[in-house]
Amino acid sequence: MKSKYTYITLITVLFSLWACNKEDSLSSDSVLNTKTPELSDLDSWIRDNFITPYNIDVEYRWDDDEYPKDKHLYPPTEENVKPLLEVVHDVWIDPYNKVGGNDFIKNLAPRQLFLAGGENVNQSGTITVGFAEAGMKITLFKVDDLDLTDVKETRSYMHTIQHEYCHILNQTKPFDPKYVEITPSGYTSNWYNFTNAQANSEGFISAYAKMNDFEDFAEMTSHMLNMSKEEFDAIIDSIPAATETALKTTQNTLTELMIKIKVQELTNKKVAEDDLKKVKKLEEDIQKLQVSLVKLNEAVKNLREKEEIVANYFKSEWDIDIYELQELVDEKMREITEKHKD
């Protein structure tokens, strides 16, 4: 019996050796496709306009590892990718290169630009339209909402780019620490509980600027670079306007009432009790409006101080006249939206 088992084992070993020898004779050609995939027309355009000249890689195809799993996000529709990138190129890259030098963006740019189709909605209900990571990556959301005929809507994308790029500049060269001393008590993590108008009245260009001094500086910069100087000035100059009008109207009303009362006194007529109550109420209202106006004028002063620090930062650290840059950006934006209206 033992010799029978030995014989079977020997046959098995010989068969295994024969099988291994057969495997050694397999083809040496690899079954893996190592050829570089052909570029689509869009990929070729991105290579020629972003990767080669500026070393900025644009990622519009979906990658689960690059986006939060708890958000309703998805890849952008490809037909929206190039139009948005053209805006990014013409409104952000070109103006910076013209004012800061031909290689400004090439030498100091995010190395990746990610595009997503959906909105990035936070638990607080606020929407993050973009963010930057360590000066190397900018992500833009809601690409599928692109409407190049709408100046306000198109500006929202560029506001994000300008805001996030400002962070990249600040990470390379910090801004004046005196900036945080202008409105130190106004910063709060609950910035989303404020309207922009409320933030303006406290010396902030937007509600989000109340987050901290870094966001404040980036918001000031992105607002300046996302509208004309006239529009920017109008926002700041309008802060006390309503209160000034209310104060003037109330003062005029009080003056008219006082004249009426004086005439009654001179003609020995009885002054109505209601008129005396109105006088007291108007005087109280005027006092409140005057106190409010002082605070609003202080807010204007603070915003102008912030604007000055931003302008000085760009000039001293980057040799860029931000007002010249502002004019170029606004000109390009209007050209694009007007072209798409035709």
Index of the failed condition, Leu293 passing every other in (1) out of contact with any Ser or Thr (no Cβ under 6 Å at 6 or more places or on another chain); (2) in a helix (DSSP H, G or I): (1)
Of the residues Ala197, Ala218, only one is more than 18 Å from Trp92 (Cα to Cα), out of contact with any Lys or Arg (no Cβ under 7 Å at 6 or more places or on another chain) and among the small types (Gly, Ala, Ser); which? Ala197
Only residues that are of a type in the set (Ser, Thr, Tyr), under 13 Å from the mean Cα position of the chain (by Cα) and not assigned by TED's automatic domain parsing to the domain that holds Glu133: list them for the range 161-215, please. Ser206, Tyr208
Enumeration of residues in the range 236-284 that are of a type in the set (S, T, N, Q), more than 42 Å from the chain's Cα centre (by Cα) and either exposed (fewer than 13 other Cβ atoms within 10 Å of the Cβ) or on the phi > 0 side of the Ramachandran plot (or both): Asn252, Thr255, Thr267, Asn268
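Every residue, every condition in (1) modelled with pLDDT under 95; (2) assigned to a helix (DSSP H, G or I); (3) within 30 Å of Leu169 (Cα to Cα), yes or no:
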{"position": "Ala209", "(1), (2), (3)": "no, yes, yes"}
{"position": "Phe214", "(1), (2), (3)": "no, yes, yes"}
{"position": "Glu231", "(1), (2), (3)": "no, yes, yes"}
{"position": "Thr243", "(1), (2), (3)": "no, yes, no"}
{"position": "Ala246", "(1), (2), (3)": "no, yes, no"}
{"position": "Gln264", "(1), (2), (3)": "yes, yes, no"}
{"position": "Lys269", "(1), (2), (3)": "yes, no, no"}
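Going by what's in this entry, would Val58 be described as surrounded by 13 or more Cβ atoms within 10 Å (Cβ to Cβ), modelled with pLDDT of 95 or more, of a type outside the set (Ser, Thr, Tyr) and outside any helix (DSSP H, G or I)?
Details: surrounded by 13 or more Cβ atoms within 10 Å (Cβ to Cβ): yes; modelled with pLDDT of 95 or more: yes; of a type outside the set (Ser, Thr, Tyr): yes; outside any helix (DSSP H, G or I): yes.
The answer is yes for Val58.
Evaluate the following for Thr149: is it in contact (Cβ under 8 Å) with a residue 24 or more places away in the chain, of a type outside the set (Phe, Trp, Tyr), surrounded by fewer than 22 Cβ atoms within 10 Å (Cβ to Cβ) and not in a helix (DSSP H, G or I)?
Working: in contact (Cβ under 8 Å) with a residue 24 or more places away in the chain: yes; of a type outside the set (Phe, Trp, Tyr): yes; surrounded by fewer than 22 Cβ atoms within 10 Å (Cβ to Cβ): yes; not in a helix (DSSP H, G or I): yes.
Judged against the criteria, Thr149 is a match.
Is there a residue in the range 225-238 that is of a type in the set (Phe, Trp, Tyr) and in contact with a helix residue (DSSP H, G or I) (Cβ under 6 Å, 6 or more places away or on another chain)?
If we filter the range 225-238 for residues that are of a type in the set (Phe, Trp, Tyr), which is where we start, we get 232.
Remaining after also requiring in contact with a helix residue (DSSP H, G or I) (Cβ under 6 Å, 6 or more places away or on another chain): 232.
For the range 225-238, residues of a type in the set (Phe, Trp, Tyr) and in contact with a helix residue (DSSP H, G or I) (Cβ under 6 Å, 6 or more places away or on another chain): present.
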Name the residue, out of Glu273, Glu327, Glu265, that is acidic (Asp, Glu), out of contact with any Cys (no Cβ under 6 Å at 6 or more places or on another chain) and in contact (Cβ under 8 Å) with a residue 24 or more places away in the chain. Glu327
Provide a single number: the residues in the range 66-115 that are farther than 20 Å from Asn170 by Cα and part of a loop (DSSP other than H, G, I, E, B). 12
What are the residues in the range 81-111 that are under 19 Å from Ser40 (Cβ atoms) and either surrounded by fewer than 19 Cβ atoms within 10 Å (Cβ to Cβ) or modelled with pLDDT under 90 (or both), if any? Lys82, Pro83, Glu86, His89
Pairs needed: first member in the range 95-116, within 16 Å of Lys332 (Cβ to Cβ) and touching a residue at least 12 places away in the same chain (Cβ under 8 Å); second member anywhere, outside any helix (DSSP H, G or I) and acidic (Asp, Glu); C-beta distance under 7 Å; at least 6 residues apart or different chains. Val99/Asp321
Part of a helix (DSSP H, G or I), at pLDDT 80 or above and surrounded by 10 or more Cβ atoms within 10 Å (Cβ to Cβ) - does that describe any residue in the range 8-26? no
In a helix (DSSP H, G or I), touching a residue at least 60 places away in the same chain (Cβ under 8 Å), charged (D, E, K, R) and out of contact with any His (no Cβ under 6 Å at 6 or more places or on another chain): which single residue out of Glu283, Glu308, Glu298, Glu338 fits that description? Glu298
Any idea which of (1) over 21 Å from Leu328 (Cα atoms); (2) out of contact with any helix residue (DSSP H, G or I) (no Cβ under 7 Å at 6 or more places or on another chain); (3) surrounded by 13 or more Cβ atoms within 10 Å (Cβ to Cβ) is the one Thr195 doesn't satisfy? (3)
May I ask you to verify whether Asp213 is out of contact with any strand residue (DSSP E or B) (no Cβ under 9 Å at 6 or more places or on another chain), of a type in the set (D, E, K, R) and more than 21 Å from Leu225 (Cβ to Cβ)? no
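The values are calculated or read from the model by the stated rules, or taken from the named source; none is laboratory data. Keep in mind that what you see is a predicted model, and the values were worked out from it rather than measured. Quick reminder, even Gly has a Cβ in these numbers, built from the backbone with ideal geometry, and neighbours come from all protein chains shown.
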